[in-house]
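Quick notes on the structure that follows.
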Ligand code: PPS
């Protein structure tokens with residue numbers, strides 16, 4: 001039966017047809033999968049519980065939230081912001097800890113409700129929850145509970161779209177929204193849902209990509225997510241970043257971020273941030289969370305880990321000419337007033 005979120009959106013169970021066609025290639029969630037209308041977000045069935053909790057969550061003025069569709073490069077921006085604010089002189093003893101322990105992802109709570117959770121060995125997160133929030137239960141989520149007690153300024157990541165966030169969220173909090181060519185996003189996303197056992201995707205790339213552009217894949221649909229950010233682009237608390245711009249000229253983007261965040265970094269500090277956040281430096285630290293049982297090691301050994309390639313334009317090595325044509329049309333039909341071409345490594 002349909003129910004409403006505190007934000008007013010309507011929650012429906014996905015159809016039997018969706019379960020048979022898409023759901024069977026994904027992890028089984030204890031509470032199934034839902035679609036949240038009107039946009040049609042497809043999330044695990046526990047998501048309404050966490051989305052309603054998010055409405056009560058107290059954002060603080062000093063918080064920074066990195067938002068974006070999954071696989072847009074948000075972890076790169078997260079590490080960049082964390083380093084700018086916490087380690088510009090390379091003296092912070094916590095810098096060696098995994099980024100997802102230092103800077104939590106709000107939307108990750110809903111993914112933990114998989115049927116085989118106990119096999120996935122997410123021990124480090126459970127230990128951190130126990131230490132930071134004694135007596136709190138993992139069923140009530142990790143990220144939001146830990147964020148509540150985390151000292152500021154908190155740097156968080158979030159893959160939910162704007163209209164699922166509390167109404168006054170952007171007025172209170174600085175937000176950086178990251179955009180990336182959806183062709184590279186879908187290639188990266190497919191790799192990710194195969195290596196991460198919280199998804200354990202079993203279908204082919206062609207099938208995954210078709211469901212993604214038809215708004216049927218988990219975390220979809222893509223365009224409303226991007227447009228909800230684009231519409232807010234003139235808000236003084238919102239800073240938009242393109243993955244392709246970061247790749248083309250990181251220093252220029254770093255200066256813009258410095259101005260937006262008010263970090264006022266010197267030349268050496270800027271260079272330190274650039275060095276720490278280079279693809280090879282971040283990759284050399286391993287996966288952002290350290291629990292090996294939560295990754296499909298055999299695929300990672302053959303095809304790369306979380307830090308897979310880290311380039312713009314890699315879609316050319318994966319998309320068939322037909323799928324490329326289909327995605328070109330899909331981009332043209334949906335891009336609206338966003339002035340980007342996304343037809344090469346640049347934007
Ligand atoms: S997630 O899991 O949704 O939060 O993923 P997200 O961090 O948004 O995106 C992952 C992709 O970003 C690439 N990445 C980087 N590229 C360049 N430089 C740096 N430092 C960097 N860090 C992460 C990562 O490799 C994923 O892209 P692909 O194309 O798969 O390599």
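Read-outs throughout are calculated quantities, based only on the coordinates presented, and are distinct from any laboratory measurement. Computed from a prediction, not measured in an experiment: that's the story for all the values here. Cβ: placed from backbone, ideal geometry, glycine included. Neighbour counts: every protein chain shown.
Here are the numbers for the structure shown:
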{"read-out": "The chain: Cα Rg divided by the 2.2 N^0.38 Å rule of thumb", "value": "0.95"}
{"read-out": "Cα shape, the stretch 201-347, gyration tensor, a/c 1.5 rule", "value": "oblate"}
{"read-out": "The stretch 60-334 - share of DSSP beta bridges that are antiparallel (%, nearest 5)", "value": "5"}
{"read-out": "Alpha-carbon centroid distance for the pair the stretch 75-147 / the stretch 263-328, whole angstrom", "value": "19"}
{"read-out": "Peptides ranked, highest mean first, by Cβ atoms within 10 Å: ranges 110-117, 135-142", "value": "110-117, 135-142"}
{"read-out": "Mean-position separation - Cα centroids, the stretch 189-256 and the stretch 1-31, in angstrom", "value": "21"}
{"read-out": "Mean separation of Cα contacts under 8 Å, 6 or more apart, over the residue count of the stretch 60-334: relative contact order %", "value": "31"}
{"read-out": "Protection-proxy order for peptides 313-320, 212-219, each taking the mean of Cβ atoms within 10 Å per residue, highest first", "value": "212-219, 313-320"}
{"read-out": "Burial ranking of peptide ranges 328-341, 16-29 (average Cβ count within 10 Å, highest at the top)", "value": "16-29, 328-341"}
